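Enquirer: Questions regarding the structure given below will be posed in turn.
The values are calculated or read from the model by the stated rules, or taken from the named source; none is laboratory data. Everything quoted here is computed from the prediction, not taken from an experiment. Cβ coordinates were reconstructed from backbone atoms using ideal geometry, including for glycine residues, and neighbour counts include every protein chain displayed. These accessible areas exclude ligands, DNA and RNA; they are computed on the full protein's heavy atoms, side chains included. Shrake-Rupley method; radii C 1.70, N 1.55, O 1.52, S 1.80 Å.
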Amino acid sequence: MKLHFVLPALLLFAAAMFAAEPMRLRAVAVIDGDTFVGSKDARVVRLWGVDAPELDQPWGEASKVALIALTNRRQLNIEPKGDSWGRLVAIARRGKEIDIGLELIKMGLAWHDPRYAPKAKEYAEAEAEARKAKRGLWSDDKPVSPWDWRKQQYDDTEEDD
């Protein structure tokens with residue numbers, strides 16, 4: 001086997017192993033209800049398993065404010081789950097107990113996203129409870145999921161062309 005084939009494969013493997021390592025960082029800025037910037041290399045972190053309303057969507061600003069309250073300037077334990085659009089997708093915890101994404105779901109300020117976290121039973125149960133209690137966005141008659149909202153916005157811009 002030639003070295004010029006092996007070396008890139010080893011580098012990719014090493015990068016994947018490094019990316020999967022848990023890390024600690026502080027949230028230094030919040031972008032929206034499910035994305036923040038971490039202190040380590042200004043890394044953008046997208047919360048795994050949740051999807052918060054877009055900022056121009058009902059409850060979008062409230063979700064962002066809640067994420068600020070839960071994370072801002074606090075030391076967080078980050079458990080990487082992957083990468084999406086150049087962002088680290090991860091579970092973020094305060095200490096060992098408080099799962100930030102789960103807290104947003106419990107508040108009714110984010111959806112459990114079963115497309116990316118189908119086995120996150122605790123997230124699904126928290127969303128069902130928030131719906132039943134009509135917390136946050138579930139107090140609206142017909143809340144629109146962020147993925148449907150984005151699709152609608154995309155479809156509307158195509159019609160304008």
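Enquirer: All but one of (1) of a type outside the set (V, I, T); (2) modelled with pLDDT of 95 or more; (3) open to solvent by 80 Å² or more (accessible area, probe 1.4 Å); (4) more than 18 Å from the chain's Cα centre (by Cα) hold for A133; which doesn't?
Expert: (3)
Enquirer: Among the numbered criteria (1) over 14 Å from G49 (Cα atoms); (2) modelled with pLDDT of 95 or more; (3) open to solvent by less than 10 Å² (accessible area, probe 1.4 Å), which one does G101 miss?
Expert: For G101, the failing item is (1).
Enquirer: Can you tell me which residue is farthest from the chain's Cα centre (by Cα) among those in segment 25-55 that are part of a loop (DSSP other than H, G, I, E, B), modelled with pLDDT of 95 or more and among the charged types (D, E, K, R)?
Expert: This residue is E54.
Enquirer: Could you tell me which of the residues A128, A120 is hydrophobic (A, V, I, L, M, F, W, C) and either at pLDDT below 95 or under 16 Å from G33 (Cβ atoms) (or both)?
Expert: Details: A128 fails: either at pLDDT below 95 or under 16 Å from G33 (Cβ atoms) (or both).
Answer to the check: A120.
Enquirer: Here is a further query. Which of (1) closer than 22 Å to D56 by Cβ; (2) open to solvent by less than 60 Å² (accessible area, probe 1.4 Å) is the odd one out, the single condition A120 does not satisfy?
Expert: Result: A120 passes all but (1).
Enquirer: Can you tell which of A52, A27 is buried (at least 22 other Cβ atoms within 10 Å of the Cβ) and under 17 Å from G136 (Cβ atoms)? Outline the logic, then answer.
Expert: On the way: A27 fails: under 17 Å from G136 (Cβ atoms).
Result: A52 is the single residue among A52, A27 that is buried (at least 22 other Cβ atoms within 10 Å of the Cβ) and under 17 Å from G136 (Cβ atoms).
Enquirer: Just one of D83, D113 is buried (at least 23 other Cβ atoms within 10 Å of the Cβ), acidic (D, E) and within 15 Å of the chain's Cα centre (by Cα); which is it?
Expert: D113
Enquirer: What is the one condition in (1) open to solvent by 60 Å² or more (accessible area, probe 1.4 Å); (2) in a loop (DSSP other than H, G, I, E, B); (3) more than 19 Å from R24 (Cβ to Cβ) that G108 does not satisfy?
Expert: All conditions are met except number (1).
Enquirer: Of the conditions (1) among the polar types (S, T, N, Q); (2) touching a residue at least 40 places away in the same chain (Cβ under 8 Å); (3) part of a helix (DSSP H, G or I), N77 fails just one. Which one is it?
Expert: Among (1) among the polar types (S, T, N, Q); (2) touching a residue at least 40 places away in the same chain (Cβ under 8 Å); (3) part of a helix (DSSP H, G or I), N77 violates only (3).
Enquirer: Right, something else. Can you name the residue in segment 36-49 that is farther than 16 Å from L102 by Cβ and touching a residue at least 40 places away in the same chain (Cβ under 8 Å) and, of all such residues, is most open to solvent (accessible area, probe 1.4 Å)? Steps first, please.
Expert: So in segment 36-49, the residues farther than 16 Å from L102 by Cβ come out as 37-44.
Those left that are additionally touching a residue at least 40 places away in the same chain (Cβ under 8 Å): 38, 43-44.
Working: G38: 0, R43: 62, V44: 43 Å².
Step by step, filter segment 36-49, then rank; the result is R43.
Enquirer: Let me confirm something: among L88, L67, which residue is in a helix (DSSP H, G or I), closer than 20 Å to R26 by Cβ and open to solvent by less than 50 Å² (accessible area, probe 1.4 Å)?
Expert: Numbers: L88 fails: in a helix (DSSP H, G or I).
Going through L88, L67 in turn, the sole match is L67.
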